[in-house]
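Remarks on the structure that follows.
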Amino acid sequence: MSRSPWADTGLFLREFVRHPLNTAAVAPSSAALAAAMTAPLATTGDPVVVELGPGTGAFTRAIQERTGGRVRHIAVELNPGWAQLLRQRHPEVDVVLGDARELPALLADRGITAVDGVVSGLPWVAYSPGPDGRGLHAVITDALAPGGVFTQFAYTWTRWAPPARQQLADLRAHFGEVTITPAVWRNLPPAVVYVARKPLRRHGD
């Protein structure tokens, strides 16, 4: 299916206006940011990768290219329209219409006990504790294999705001290693990528 960057930008703007807390970006992520988000993924073997909040598929395509199409790729999208669009654009991807917090059940239904990578396009608000008191970082660390990696982007101009700083602290509490890439200037707005490894499983949080 053909894809128009301008059409996708219009989709993002409309969704941001309608649901600003559920939409992480005001425009599709650039190829440069997608490359930075997927660079930590393995290029050998047959990795299992979960994508959270894929939107119109900027990171989806990059995951496929990075892994040479050998990946078992599960994309979890809450927006029905975007989920349908993603299925049309990427029939090779297992697109799930659902909430990221349902990840344990989604993986169990597929017989998956651990994943090699989680790539997130979700807004920071999605990581707040749910009804069970657990934050999304805890769900992600429980899903990752010991050698797995998690990536999340943040805009450079919001990194120092209290919510972003709190989320970074929470990320560091759930992973033994967290690094931040240099700014990706070829993105609107410019962004950095948090790369988290060595998941710390804390089932009680």
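The values are calculated or read from the model by the stated rules, or taken from the named source; none is laboratory data. The structure displayed is predicted, hence computed values, not measured ones. Glycine gets a Cβ as well: all are built from the backbone with ideal geometry, and neighbour counts include every protein chain shown. Remember, those area values only see protein heavy atoms, side chains included, never the ligands or the DNA or RNA. Shrake-Rupley method; radii C 1.70, N 1.55, O 1.52, S 1.80 Å.
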statement: The long-range amide H neighbours of VAL149, using H built 1.01 Å from N in the peptide plane and a cut-off of under 5 Å, are GLY117, VAL118
- prompt: For GLN84 and ALA32, what is the calculated FRET efficiency with R₀ set at 30 Å and r taken between the beta-carbons, to the nearest 0.05?
  reply: 0.65
message: Report the per residue volume, in Å³, of the convex hull enclosing the C-alpha atoms of region 57-205.
response: 126 Å³
field: Note, ³J(HN,Hα) from phi for region 124-134, Karplus 6.51, -1.76, 1.60, rounded to Hz, x at Gly and Pro
entry: 4, 4, 5, 8, 5, x, x, x, 8, x, 9
task: Provide, in order from the shortest bin, the percent of all Cα-Cα pairs of region 141-200 in each 5 Å bin, continuing until the bin that contains the maximum pair distance.
output: 4, 19, 27, 22, 15, 10, 3
- request: Counting only heavy atoms of the protein chains, get the accessible area per residue of region 113-205 (1.4 Å probe) and round it to a whole Å² value.
  value: 47 Å²
statement: Quick calc, ALA39 & THR156: beta-carbon distance into FRET formula, R0 25 Å, rounding 0.05, result 0.85
task: Order these peptides, 123-135, 39-51, 102-114, by their mean beta-carbon neighbour count within 10 angstrom, highest first.
output: 39-51, 123-135, 102-114
- prompt: Over the Cα atoms of region 28-141, what is the Rg over Rh ratio if Rh follows Kirkwood?
  reply: 0.94
field: Gain on full stretching of the segment that runs from LYS198 to ALA108 - 0.36 nm per residue minus C-alpha separation
entry: 30.2 nm
message: With every protein chain left in place and a probe of 1.4 Å, what is the accessible surface of THR179, to the nearest 10 Å²?
response: 70 Å²
